[in-house]
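The values are calculated or read from the model by the stated rules, or taken from the named source; none is laboratory data. These numbers were taken from a predicted model, which means no experiment stands behind them. Don't worry about glycine lacking a Cβ; one is built from the backbone with ideal geometry, like all the others, and counts go over all protein chains shown.
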């Protein structure tokens, strides 16, 4: 425990103090026409942001700049497959793994400093300590971010990392949906309107077939229980002969194996941990329907115009789901609204690590099935 505390202190020193040393060195060099975007959060966040990269690339303000991206290792394949034409150089890391890794942080910070960026953009409206530190370590001439709240970074550190930025953009309370937050940020940076109205992938049109179940939710407390997904699949298989795929990442193998074990039909295929993210995008794009929690699969479904049903709680209600009505192809959301909604997942109720938050626990299988039967009758052979 003491060792971890000391490692964190070293990491904190690198993130808070070294940027000032690098800034001193930067006075003796001329910045190149290079722009770094820091976007190192989850897959779904990247899906909601990635179309703005092209907007930045071909804007009047930055059309002569090289674009570099500091991203999250978990969506490396996705970015390289779909966005490499717009990005000159990718740098990938796992920010949440770096708090006790001062030497890795210092090495990456040095790499960013050597990038000699003129402009750094951190478009995350909820900033965090690690990426704020990386923004500072670039010692760029212009470092722009949101003013942010303290959901992702303690106030005592935010006061210090605010000073790394040359410009902080205030987010109006009327701009709430995550995609709209990104658009607002880019419009303020570019000084011009941005015409993007929703996220999308450029993919060939294919015939849709099969139902994809994506039970992952990042944390077990935020997701519908595996037993309920299994029960829903068992109801589905009574009415449809379509293949039902159970998908997810390697960290969801155990839960999805349990779901598979509890299902009784032979048209259920478990592909958990067997697909890359680009393959998952293609599979979702060719599916007749996606069913899941608030997760990357739901945002990919929206971006591929695939019908989807999202079982969601209230931690970030309306920030990620439900989608605003003006966005086509958003998920049909099933939720049980409680007075404690928009808690930022800091649940006021006592739950064990494997127990679901009450706002999700109150959603039963019958309610989800009835919603499917009414809103998506095309999935069934006999409804």
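Determine, yes or no, whether residue 65 is in the same structural domain as residue 185 (by TED's automatic domain parsing), touching a strand residue (DSSP E or B) at 6+ places or on another chain (Cβ under 9 Å) and at pLDDT 95 or above.
Numbers: in the same structural domain as residue 185 (by TED's automatic domain parsing): yes; touching a strand residue (DSSP E or B) at 6+ places or on another chain (Cβ under 9 Å): yes; at pLDDT 95 or above: yes.
Judged against the criteria, residue 65 is a match.
For the range 282-302, the tally of residues that are surrounded by fewer than 24 Cβ atoms within 10 Å (Cβ to Cβ) and in a helix (DSSP H, G or I) stands at 3.
Output yes when any residue across the range 121-135 is part of a strand (DSSP E or B), at pLDDT 95 or above and farther than 21 Å from residue 184 by Cβ, and no when none is.
Of the residues in the range 121-135, the ones part of a strand (DSSP E or B) are 121-122.
If we keep only those that are at pLDDT 95 or above too, we end up with 121-122.
Okay, now just the ones that are also farther than 21 Å from residue 184 by Cβ, so none.
Taking every residue of the range 121-135 in turn, none turns out to be part of a strand (DSSP E or B), at pLDDT 95 or above and farther than 21 Å from residue 184 by Cβ.
Please go through the range 350-361 and pick out each residue that is touching a residue at least 60 places away in the same chain (Cβ under 8 Å) and either part of a loop (DSSP other than H, G, I, E, B) or exposed (fewer than 12 other Cβ atoms within 10 Å of the Cβ) (or both). Result: 351, 353, 354, 355, 356, 357.
Could you say which residue among 79, 84 is crowded, with 21+ Cβ neighbours inside 10 Å, free of Cβ contacts under 8 Å to residues at least 60 places away in the same chain and more than 22 Å from residue 14 (Cβ to Cβ)? Step through it out loud before you land on a result.
On the way: 84 fails: crowded, with 21+ Cβ neighbours inside 10 Å.
Unique residue meeting the criteria: 79.
When residues in the range 241-253 are screened for being farther than 20 Å from residue 42 by Cβ and loosely packed, with under 14 Cβ neighbours inside 10 Å, 1 of them pass.
Residues in the range 182-213 that are part of a helix (DSSP H, G or I) and touching a helix residue (DSSP H, G or I) at 6+ places or on another chain (Cβ under 9 Å) were compared, and the one that is surrounded by the fewest Cβ atoms within 10 Å (Cβ to Cβ) is 190. Considering only residues in the range 13-40 that are within 30 Å of residue 75 (Cβ to Cβ) and out of contact with any helix residue (DSSP H, G or I) (no Cβ under 8 Å at 6 or more places or on another chain), the one that is modelled with the lowest pLDDT turns out to be 31.
Among the residues making up the range 197-244, those that are in contact with a strand residue (DSSP E or B) (Cβ under 7 Å, 6 or more places away or on another chain), within 30 Å of residue 96 (Cα to Cα) and modelled with pLDDT of 95 or more are 212, 213, 214, 215, 224, 229.
Residue 279 falls short on exactly one of the conditions (1) without any contact (Cβ under 8 Å) to a residue 40 or more places away in the chain; (2) touching a strand residue (DSSP E or B) at 6+ places or on another chain (Cβ under 9 Å), and that condition is (2).
In the range 164-177, what residues are touching a helix residue (DSSP H, G or I) at 6+ places or on another chain (Cβ under 8 Å) and either part of a helix (DSSP H, G or I) or in contact (Cβ under 8 Å) with a residue 12 or more places away in the chain (or both)? Scanning the range 164-177 gives 164, 165, 168, 169, 171, 172. Could you tell me which residue of the range 131-169 is nearest to the chain's Cα centre (by Cα), considering only residues that are closer than 20 Å to residue 48 by Cβ and surrounded by 23 or more Cβ atoms within 10 Å (Cβ to Cβ)? Restricting to residues being closer than 20 Å to residue 48 by Cβ and surrounded by 23 or more Cβ atoms within 10 Å (Cβ to Cβ), the top hit is 131. Taking the residues in the range 311-328 that are surrounded by fewer than 20 Cβ atoms within 10 Å (Cβ to Cβ) and either touching a strand residue (DSSP E or B) at 6+ places or on another chain (Cβ under 8 Å) or without any contact (Cβ under 8 Å) to a residue 24 or more places away in the chain (or both) as candidates, determine which candidate is nearest to residue 220 (Cα to Cα). Out of the qualifying residues, it is 322. Exactly one condition in (1) crowded, with 22+ Cβ neighbours inside 10 Å; (2) within 18 Å of the chain's Cα centre (by Cα); (3) in contact (Cβ under 8 Å) with a residue 40 or more places away in the chain is false for residue 308; which is it? Failed condition: (3). If you go through the range 264-271 one residue at a time, do you hit one that is within 22 Å of residue 303 (Cα to Cα) and either over 19 Å from the mean Cα position of the chain (by Cα) or in the same structural domain as residue 121 (by TED's automatic domain parsing) (or both)? Within the range 264-271, one or more residues are within 22 Å of residue 303 (Cα to Cα) and either over 19 Å from the mean Cα position of the chain (by Cα) or in the same structural domain as residue 121 (by TED's automatic domain parsing) (or both). Applying the set (1) exposed (fewer than 15 other Cβ atoms within 10 Å of the Cβ); (2) in contact with a helix residue (DSSP H, G or I) (Cβ under 8 Å, 6 or more places away or on another chain) to residue 73 leaves exactly one unmet item: (2).
Please find, within the range 325-349, the residue that is modelled with the lowest pLDDT out of those that are closer than 21 Å to residue 227 by Cβ and assigned to a loop (DSSP other than H, G, I, E, B). Here the answer is 349.
Give the residue, chosen from 144, 159, that is part of a helix (DSSP H, G or I), at pLDDT 95 or above and closer than 30 Å to residue 99 by Cβ.
After ruling out the rest, the residue left standing is 159.
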